Ligand code: HEM
């Protein structure tokens, strides 16, 4: 029997929304990156990131936002900012009691997107 999807093991849409909310709120407190989100609509970003995670981990939702290259194009995001986002994701996963295996898988997905996000 096949393994449950990462979406299922993360606990489905409700748990993923809670995770996306913690990630956004960590960004807002993180001095390395919070200026980047100064003009952001919190609910909008949380909704899009929730959809992105759901769709990208095997959930039935579709993602209505921009692809990662288009979303970050022109920002010239640095390595330091990228690591700050990964730190916020890791902290949010711990706060939301996500299992170790799921943390590793999710962090690997996040890290693998760096070519579309860093210095574009
Ligand atoms: C794993 C890494 C990342 C993922 C999965 C990710 C995901 C996303 C998503 C789904 C959006 C919404 C796209 C849309 O508006 O249609 C977004 C927007 C954005 N991201 Fe990222 N991102 C990542 C890394 C970063 C980094 C390192 C920064 C730098 C601080 C950053 C800054 C932003 C900003 C400023 C926006 C625009 C928010 C707004 O529209 O108000 N992201 N990101």
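Computed from the coordinates by the stated procedures, all read-outs in this text should not be read as laboratory data. Remember, it's a predicted structure, so these values are computed and weren't measured experimentally. In this analysis, Cβ positions are derived from the backbone assuming ideal geometry, glycine residues included, and neighbour counts consider all displayed protein chains.
A few comments on the model shown:
- Meets criteria (over 19 Å from residue 82 (Cβ atoms) and touching a helix residue (DSSP H, G or I) at 6+ places or on another chain (Cβ under 8 Å)) for residue 33: no
- Residue in the range 1-11 that is within 15 Å of the chain's Cα centre (by Cα) and within 17 Å of residue 63 (Cα to Cα) present: yes
- Residue match in the range 98-108 (condition: near the ligand (Cβ under 10 Å from one of its atoms) and either more than 15 Å from the chain's Cα centre (by Cα) or touching a residue at least 24 places away in the same chain (Cβ under 8 Å) (or both)): yes
- Restricting the range 74-97 to residues that are free of Cβ contacts under 8 Å to residues at least 24 places away in the same chain and closer than 13 Å to residue 23 by Cβ, the residue that is nearest to the ligand (Cβ to nearest atom): 90
- Screening residue 51 with (1) free of Cβ contacts under 8 Å to residues at least 40 places away in the same chain; (2) under 23 Å from residue 80 (Cβ atoms); (3) near the ligand (Cβ under 8 Å from one of its atoms); (4) buried (at least 17 other Cβ atoms within 10 Å of the Cβ) gives one miss only, at (2).
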